[in-house]
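S.K.: Quick one: the structure is below, and I'll ask about it shortly.
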Amino acid sequence: MEINLDITTAFKKHYECKKKIVISQGGGRSGKTISITQILILEALQTPNSIISIVAENMPFLKRGAIRDFIQIMQTSGLWDDNRWNKTESIYRFPTGSIIEFFSVENPGRALGSARDFLFINECNNVPYETAFQLIARTRKRTYLDYNPTGEFWVQEEIMQNPDFDGEYELIISTYKDNEFLEESIIKTMIARGNKDPNYKRVYIDGEMGVAEGLVIPTIKLIDYIPEEIYDKAKMQYLSLDFGYSNDPSSINEVFILGDHKQPVIDIYVDEVAYQTELSNKNLTSIIKDRILKDNYKVIADSSEPKSIAEIESYGVNIYAIEKPQGSVNYGISLLQLANIYVTKNSINTIKEFRNYKWAKDRQGKPVKDSKGRPQPIDLWNHSIDGIRYVAMYHNDQKYQYRDVPRPGIGRRGLIPV
């Protein structure tokens, strides 16, 4: 049986490895996830009655990553059959009797249940070691573990530095150069970021181990959805807007903030709405209007785009441009650091930003500071975070109670403290 696959160098590196544990350390867009998925499809076709599990941190991550890749590979290869896909259970049944199942580690029954032949833990650095160990221990033939090397974690300590695993694993390092189908525009964007941030270059360009320290917001809590009572308790529905276009994405997040008079920003709830390049102001307006759930809403945006704000306002959107005086970045960050931040698991890009947004360092590894000695964050991984920061600043300055008043030149409605 002939199968039409886009074969890359990354695929060849993984296909040639026959160790029981394949550790796939890759930079950004190296093609490691697609390559492993292609290999597992081949195993399902060539090895009848195989049970193959593809696992990740949560189902939203799987649906927007590995499941999407799997379906696309199957469709472009002419292998896809709708009748063989159980969407509810996320299981595909092959004519050979093999199955590929997708589940998250949040499902302990699936994670710690019956055995399998092949296992793929996607971005395994986000999966607890004990859970990963139980999955690996129940895998008969081969386990694939992939990750971006943002910092050392259990793979290094529990497997690579454990003499009990000597001879049982192989480390594969891949970069964007191993993905011959990667668009040139994406490569240029990655290299431009790498030129500004040495640690980004080390991890995402060179595929080498970075240092997972110096996070600006070290802790966020993942939730399935924003609880219904939060919609009722919050005085205002916010939509954060950070403008981008060709190289940087525009980011929209739904944001609810709870607090009191003494501390207006205590709890921040975030749900990603859009994170995409080349969105026109008309596109942004349509997305915003589709997400308005309360009459009392406000879109908070970056004041550096006055023409865009004026255009969006002309479409009938209640939008406010946040002013950014010197020191406002640190002020906004301090509000986020003091708050409890809850992010929905669907917010894949926003979660990734929080996990990569760090304090800037110079070539000698010393903190970068402004003229007043304040530490400065990197100017990367901050599209959603900047938008959320604008909302926190605005909300804090409103002192939590509002009434509608005319604000000519700013928006249809303005909100001031009372």
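Bear in mind these aren't lab numbers, they're just calculated from the coordinates by the rules spelled out. Small disclaimer: the values here were computed from a predicted structure and weren't measured. Positions of Cβ are generated from backbone atoms using ideal geometry, with glycine treated the same way; all protein chains shown enter the neighbour counts.
S.K.: With each pseudo-label sitting 7 Å past Cα toward Cβ, what's the Lys177-Arg64 distance in nm, one decimal?
M.R.: Distance between the two pseudo-spin positions: 3.1 nm.
S.K.: Can I ask one more? Order of Ser90, Ser246 from fewest to most other C-beta atoms within 10 Å?
M.R.: So the ranking, lowest neighbour count to highest, is Ser246, Ser90.
S.K.: Can you tell me how much longer the chain between Tyr231 and Tyr245 gets when fully stretched, taken as 0.36 nm per residue apart minus their C-alpha distance, in nm with one decimal?
M.R.: Numbers: separation 14, 0.36 × 14 = 5.04 nm, distance 3.06 nm.
Working it through step by step, the gained length comes to 2.0 nm.
S.K.: So how do Asp197, Asp69 line up by other beta-carbon neighbours within 10 Å, fewest first?
M.R.: If I rank by nearby Cβ atoms, fewest first, I get Asp69, Asp197.
S.K.: Which residues in the range 160-195 have a backbone N closer than 20 Å to a point placed 7 Å from the Cα of Glu278 along the Cα-to-Cβ line?
M.R.: Residues 181-193 fall inside that zone.
S.K.: Here's a follow-up. Please report the spacing between the Cα centers of the range 63-136 and the range 1-34 in Å, no decimals.
M.R.: Computed from Cα coordinates, the inter-centre distance equals 17 Å.
S.K.: Related question: Using just the C-alpha positions of the range 221-416 as equal point scatterers, what log10 of I(q)/I(0) does the Debye formula give at each q in 0.12, 0.16 1/Å?
M.R.: For the requested q values the scattering log ratios are -0.58, -1.05.
S.K.: Now, a different point. As a test, work out the antiparallel percent of DSSP beta bridges whose residues both lie in the chain, rounded to the nearest 5.
M.R.: Antiparallel bridges: around 40 percent, rounded to the nearest 5.
S.K.: Can you give the FRET efficiency for Lys221 and Asn4, using 1/(1 + (r/R0)^6), R0 = 35 Å, r = Cβ-Cβ distance, to the nearest 0.05?
M.R.: Efficiency at R0 = 35 Å is approximately 0.20.
S.K.: Next question. Starting from the 7 Å offset along Cα-to-Cβ, what nm value, one decimal, do you get for the label separation of Lys18 and Lys307?
M.R.: Here the answer is 6.2 nm between the modelled labels.
S.K.: Using a Förster radius of 22 Å, what is the FRET efficiency between Trp80 and Glu106 based on their Cβ-Cβ separation? Nearest 0.05, please.
M.R.: Computed FRET efficiency for Trp80 and Glu106 comes out at 0.20.
S.K.: Considering only DSSP beta bridges with both partners in the range 77-154, what is the antiparallel share in %, to the nearest 5?
M.R.: Within the range 77-154, antiparallel bridges account for around 50 percent of the total.
S.K.: Quick one: order Ser314, Ser98, Ser77 by neighbouring beta-carbon count within 10 Å, fewest to most.
M.R.: The order, fewest Cβ neighbours first, is Ser314, Ser77, Ser98.
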